Amino acid sequence: MAEYDRAVIRGHLANVDNPPTHAAKGKAFEELACYLLNGVPVTARNALSTFAAEEIDVACRNDSHPKGLANWVDFFLVECKGWADAVNSEQVAWFLTKIRHRGLRFGILIAANGITGEPEHLTCAYSLVSFELATFGIRMVIITRAEIEALTCGEQFAQLVIEKVCTLHATGGRCF
């Protein structure tokens, strides 16, 4: 598995912190996501729905590397939010809807500062993640900036995702 270049990660995060435009901030976080995911490895691409109604930050095909996400889902989506605040319920619901509209069962929300609510009590955005798991079998994990900054290789990223999905199932939808 690929080792991450810390300078590359810091460079992407610097672009997130000091973007020339709002669009550039989002693009920088998407580029960081692709860099991290290609170390897992998966094939990651930006996409727009056929009718331009739902923008997808990153669509992934899992290459099922033995030290990555082997025997995992074939395809999944990634949403990137480099916001200063936690991602709200509306945006979490919209990403879960995008996953469902594509007939998928898994997604990763890379949210710099997490999502709103308290995971222990399934409040605010956390309640939506729990509901989607129980109702539709859709699994979504949240990866924060702090977790990204601690990563050194793709194998760690894959292990983080696997641990979060296990926690999601074991706790009935708590995605912390």
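The values are calculated or read from the model by the stated rules, or taken from the named source; none is laboratory data. Please read these numbers as outputs of a predicted model, since none were measured by experiment. Cβ: placed from backbone, ideal geometry, glycine included. Neighbour counts: every protein chain shown.
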Within region 77-87, can one find any residue that is of a type in the set (Asp, Glu) and either in contact with a strand residue (DSSP E or B) (Cβ under 6 Å, 6 or more places away or on another chain) or crowded, with 23+ Cβ neighbours inside 10 Å (or both)?
yes
Checked region 85-104 for anything more than 14 Å from the chain's Cα centre (by Cα), farther than 17 Å from residue 117 by Cα and either basic (Lys, Arg) or part of a helix (DSSP H, G or I) (or both); matches are 97, 100, 101, 102
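Out of the residues in region 157-168 meeting the condition of being more than 23 Å from residue 17 (Cβ to Cβ) and either touching a strand residue (DSSP E or B) at 6+ places or on another chain (Cβ under 8 Å) or buried (at least 18 other Cβ atoms within 10 Å of the Cβ) (or both), tell me which one is modelled with the lowest pLDDT. Spell out the reasoning first.
Just the residues of region 157-168 that are more than 23 Å from residue 17 (Cβ to Cβ), to begin with: 158-159, 161-168.
Narrowing the set further to residues that are either touching a strand residue (DSSP E or B) at 6+ places or on another chain (Cβ under 8 Å) or buried (at least 18 other Cβ atoms within 10 Å of the Cβ) (or both) leaves 158, 161, 164-165, 168.
On the way: 158: 93, 161: 95, 164: 94, 165: 94, 168: 90.
In this case the residue turns out to be 168.
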Could you list, in sequence order, all residues of region 105-152 that are at pLDDT 95 or above and in a helix (DSSP H, G or I)?
145, 146, 147, 148, 149, 150
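Which of the residues that make up region 134-151 are farther than 22 Å from residue 43 by Cβ and either surrounded by 13 or more Cβ atoms within 10 Å (Cβ to Cβ) or touching a Gly at 6+ places or on another chain (Cβ under 8 Å) (or both)?
Taking region 134-151 as the starting set, the residues that turn out to be farther than 22 Å from residue 43 by Cβ are 134-137, 142, 144-147, 149-150.
Selection gives 134, 142, 144, 145, 147.
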Which of the residues belonging to region 1-34 are touching a residue at least 40 places away in the same chain (Cβ under 8 Å), surrounded by 15 or more Cβ atoms within 10 Å (Cβ to Cβ) and of a type outside the set (Gly, Ala, Ser)?
1, 4, 9, 13, 16, 25, 29, 30, 32
Filter region 106-133 down to the residues that are crowded, with 20+ Cβ neighbours inside 10 Å and charged (D, E, K, R) and list them by number.
132
Looking at region 66-76 only, could you name the residues that are touching a residue at least 12 places away in the same chain (Cβ under 8 Å), touching a helix residue (DSSP H, G or I) at 6+ places or on another chain (Cβ under 9 Å) and surrounded by fewer than 16 Cβ atoms within 10 Å (Cβ to Cβ)?
67
